[in-house]
1. Read through the list (1) open to solvent by less than 30 Å² (accessible area, probe 1.4 Å); (2) in contact with a Leu (Cβ under 8 Å, 6 or more places away or on another chain), then give the number of the only condition that H271 fails.
2. Hey, which of the helices (runs of 4 or more DSSP H) in segment 222-330, taking only ones fully inside, have at least 2 residues that are within 19 Å of the chain's Cα centre (by Cα)?
3. Among the residues of segment 1-19, which ones are over 24 Å from S195 (Cβ atoms) and in contact with a Gly (Cβ under 9 Å, 6 or more places away or on another chain)?
4. Between D225, D234, which is of a type in the set (D, E, K, R) and open to solvent by less than 30 Å² (accessible area, probe 1.4 Å)?
5. Only one residue in D181, D133 is at pLDDT below 90, open to solvent by 10 Å² or more (accessible area, probe 1.4 Å), within 27 Å of K69 (Cβ to Cβ) and in contact with a helix residue (DSSP H, G or I) (Cβ under 9 Å, 6 or more places away or on another chain). Which one?
6. Here are some residues: M3, M61. Which one is more than 30 Å from E299 (Cβ to Cβ), among the hydrophobic types (A, V, I, L, M, F, W, C) and buried (at least 18 other Cβ atoms within 10 Å of the Cβ)?
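The values are calculated or read from the model by the stated rules, or taken from the named source; none is laboratory data. Keep in mind it's a predicted model, so treat the numbers as computed, not measured. Counting neighbours? That spans all protein chains shown, and the Cβs are built from the backbone with ideal geometry, glycine included. These area figures cover heavy atoms from the full protein model, side chains too; ligands, DNA and RNA do not enter into them. Shrake-Rupley method; radii C 1.70, N 1.55, O 1.52, S 1.80 Å.
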Amino acid sequence: MNMKIAFVGKGGSGKTTLSSLFVRHLAATGSPVIAVDADINQHLGTALGLDEAEAAALPAMGAHLPLIKEYLRGTNPRIASAETMIKTTPPGEGSRLLRVREDNPVYDACARPVRLDDGEIRLMATGPFTETDLGVACYHSKVGAVELCLNHLVDGPDEYVVVDMTAGSDSFASGMFTRFDMTFLVAEPTRKGVSVYRQYKEYARDFGVALRVVGNKVQGRDDVDFLREEVGDDLLVTVGHSDWVRAMEKGRPARFELLESDNRAALRTLHRAAADAYAHRDWERYTRQMVHFHLKNAESWGNAKTGADLAAQVDPAFVLGEGIGAVQPA
């Protein structure tokens, strides 16, 4: 099984906490995991047990964009220079691809190992955002480093890439929301909590995005009924209060094996749903959507910004995939 999984939801919904629990769960099963903090508020590191200083010391992917571009373009003859690559530039013949288990210059610069109770994962982060970053160009160029890596990433058997996404509808600012095999939308049982679901559902429908809702901060039957009414069969599982999580948020987590049994069961449900989505993985559609968003970005701002015809970067014969024929050697 090889999966790219996104956690989305409005700010404060608990998506970072749930994505960190899911990462811990996967590590406990022995799966290789890359966790990516792509949220505007960088909290995934601390949710995975780093102290504030360690989390602040994580390298910022956005700061290494030139290196990422230069490495990924490889010998692709359609890409004249790293400067002409934008966040949506798709791979083609000669491009270098990223694999979960390998070592490469991108991981050397941007990934750090994080030791968990039941194994080790790699953590990558877009980098902290300051007030000056909140102009659209800067902000999306930082998240653009994540999108570029996802576009060039081939995950192999039993490997997972888990991305804690930007809160709310900001996730649609690019084609990144189509880069996942499964998207878990974390929703509280409130009207605000389900409003992001409605937006996401609309976008997801047009692109065949697999979307399931995780009800969080659920306190009783009434909360479950409310969510079921609002999101119907998309509701996968609900999660309530956790003493383990509360201790973790205070920086004093117990061992992960002591997480409450109902919450462990919820994580297994997420794992099964992700596994079921794998059966529907369609590399041709995945590649087609990459190209769709690239052409859209090229036309709206990319050509003007780079002074190049970025449509020429598309390799019409290339399909990203797990098969040897489709994967270019790094």
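1. Status for H271: all satisfied but (1).
2. Working: elements: 243-249, 261-278, 283-297, 303-306.
Filter on segment 222-330 gives 261-278, 283-297.
3. Residue satisfying the conditions is N2 alone.
4. Details: D225 fails: open to solvent by less than 30 Å² (accessible area, probe 1.4 Å).
Within the list D225, D234, the selection yields D234.
5. Numbers: D181 fails: at pLDDT below 90.
Answer to the check: D133.
6. Working: M61 fails: more than 30 Å from E299 (Cβ to Cβ).
None of the other options fit; the residue is M3.
Results for (1) of a type in the set (D, E, K, R); (2) within 21 Å of the chain's Cα centre (by Cα), shown as yes or no for each residue.
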| site | (1), (2) |
| --- | --- |
| D39 | yes, yes |
| A47 | no, yes |
| M61 | no, yes |
| I79 | no, no |
| L97 | no, yes |
